[in-house]
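Input: a single structure, listed below in structure tokens.
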């Protein structure tokens with residue numbers, strides 16, 4: 001009896017691990033996060049910004065609902081909006097990405113607001129993020145920290161971060 005219970009338990013565990021591996025593999029094939037980067041914050045700053053490209057290679061729309069990291073106390077999805085010549089940031093509850101489409105998180109538009117860093121991050125550091133989607137899918141991706149001056153010349157609103 002004990003041998004059969006061990007074989008059964010081992011078989012169930014093996015199937016569970018294969019399913020987890022398949023789910024992670026399916027997520028990696030459906031969602032691609034590239035060029036993930038974080039701006040180095042000035043000393044004692046309580047927030048900075050993150051940018052990336054999000055591509056949906058799947059056949060159905062996906063919805064990014066949140067991003068987390070143990071390196072920050074809080075992370076919000078934001079969009080910079082210019083109204084009457086004044087830039088402001090608006091928190092976004094989620095971002096939808098059409099099947100076969102993509103979304104750019106870039107200076108002056110969609111971006112991550114990264115609050116309460118766990119420590120001071122410097123150019124070249126790597127920070128790990130987890131992207132959470134409405135269907136329960138999660139994708140983990142590393143970000144490189146960039147120097148403050150490494151920003152496109154077309155980004156007049158970056159100083160708001």
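Quick note: the coordinates plus some simple rules give every number you see, no bench work behind them. Nothing here was measured: the structure is a model prediction, and the numbers come from that model. So basically every Cβ, Gly included, is an ideal-geometry build from the backbone, and we count neighbours across all protein chains shown.
Under a crude label model (7 Å from the Cα following the beta-carbon direction), how far is residue 82 from residue 55 in nanometres?
Result: 2.9 nm between the two label points.
Given labels modelled 7 Å from the Cα in the Cβ direction, how far is it in nm from residue 29 to residue 115?
Rounded to a tenth, the inter-label distance reads 3.9 nm.
Can you tell me how much longer the chain between residue 148 and residue 94 gets when fully stretched, taken as 0.36 nm per residue apart minus their C-alpha distance, in nm with one decimal?
Working: separation 54, 0.36 × 54 = 19.44 nm, distance 2.70 nm.
Length difference between fully extended and current span is 16.7 nm.
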